[in-house]
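For reference, the structure discussed in these notes is given below.
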Amino acid sequence: MRVGLMIEGQEGVTWEQWCALADACEEHGVETLHRSDHYISQADEDANVAHDAWATIAALAARTTTLRFGTLVSPVTFRAPALLANAAATADHVSGGRIELGLGAGWMEREHRAFGFPFPETKVRLEMFAEQLEIVHRLWTEERVDFHGRHYTLEEAPALPKPVQQPHPAIVVGGSGGRGTAEPAARFADEYNTPFASPDEFAAIRTKVVRACERVGRDPATMRFSLMTGCVIGSTHAEALDRARLLYERRPRDDSFDAWLSSYTAAAIVGSVDEVAARLDEYERAGCEGVMLQHLAHADLEPVRLIGTLR
């Protein structure tokens, strides 16, 4: 199982902290660093900086040598598909071929209203998602692209720049197995990523995507399946609980610590290195081939070292 780091970039991650996280990943052998693609904090809008996802990735790519980068996930409402394809391909050139593109329909209504992004109903966003996914894939694999959809039109678009990676960077679709994401992914994606699911839930979602692959005539073995979930890790169980309490205390909560921890661990992972590894084994048995571990206390680099020992 591939084990990577996932950072919520909208929660006040400074440029200096991004550099420290990337350096720690390379030092400790963490293969991938994924970040969210949001423009507003869910914790403190007045204090937390939210740097642009693709600008951050391109800048980090220029100062690293082995670490792979990607978004989990870029909402279709933020960028036109040709712009997104170009931005990711540009970052792929900067990195020498170390980029993955995560794509989703978007969900955080607050940031759309705040910054003027259109936020149509879910059905429309899923239509936009399906069109964007096809357009990005075609721009990366064809010479010129004509596309006439309900939401986007391309006319004899020169499909440049092509990415460094061949046939193209991995396209990762985020979703929970619904037909609106599963069937477009079966046609054009390389990986299907599920957030915050238990092993049993992950297995059920995986089955839905496998069936979508079969419906469109794709060999399901060519689709990778991954998980994004929260992780609080320590060298011991007690150390992990100490970190969990610090996370709990970062903002006011109605629940007690024990109640919050019980709810958090329903899908997320809290424990020692050995306990986290055992939990990941459960996901692997459920068909998970990669996991992106969400590290919310991003200023603490020791968990990055511990995550590196899980590979």
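The values are calculated or read from the model by the stated rules, or taken from the named source; none is laboratory data. Because the structure is predicted, anything quoted here is derived from the model rather than measured. Please note: Cβ atoms are built from the backbone with ideal geometry, for glycine as well, and neighbour counts cover all protein chains shown. Calculation scope for accessible area: heavy atoms of the full protein, side chains included, ligands and nucleic acids excluded. Shrake-Rupley method; radii C 1.70, N 1.55, O 1.52, S 1.80 Å.
Surface composition of region 20-110: carbon and sulfur make up 50 percent of the accessible area, probe 1.4 Å. Convex hull volume per residue, computed on the Cα atoms of region 22-97, equals 99 Å³. Applying the Kirkwood pairwise sum to the alpha-carbon positions of region 175-297 produces a hydrodynamic radius of 15.5 angstrom. Antiparallel DSSP bridges in the chain: what percent, to the nearest 5? Counting DSSP beta bridges with both partners in the chain, the antiparallel share is about 10 percent. Taking only the alpha carbons of the chain, we obtain Rg and Dmax values of 19.0, 60 Å in that order. Across all directions, the shadow cast by the convex hull of region 99-170 built on its C-alpha atoms averages 5.6 square nanometres.
Rolling a 1.4 angstrom probe over the protein heavy atoms with all chains in place gives the chain an accessible area of 43 Å² per residue.
With respect to the chain, whose longest principal axis is taken over its alpha-carbon atoms, helix 179-188 is tilted by about 70°. Between 0 and 90 degrees, rounded to the nearest ten: what's the tilt of helix 53-62 against the longest Cα principal axis of the chain? The helix 53-62 is inclined about 80 degrees to the chain.
Note that region 65-72 has calculated 3J(HN,Hα) couplings of 10, 10, 5, 8, 10, x, 9, 10 Hz, one per residue in order, obtained from phi through the Karplus relation 6.51 cos²θ - 1.76 cosθ + 1.60 (θ = phi - 60°); glycine and proline are x. Based on the convex hull around the alpha carbon atoms, region 182-245 presents an average projected area of 5.3 nm². When the scattering of region 71-190 is computed by the Debye formula from its Cα atoms alone, each counted once and equally, what is log10 I(q)/I(0) at q = 0.18 Å⁻¹? Computed log10 I(q)/I(0) values: -0.92. Across the accessible surface of region 170-311, with the other protein chains kept in place and a 1.4 Å probe, carbon and sulfur atoms take up 48 percent.
Taking the average, over residues, of other Cβ atoms within 10 Å as the packing measure, peptides 218-224, 21-27 rank 21-27, 218-224 from highest down. For I269, the amide hydrogen comes within under 5 Å of the amide hydrogens of G230, C231, V232, counting only partners 5 or more places away or on other chains and with H modelled in the peptide plane.
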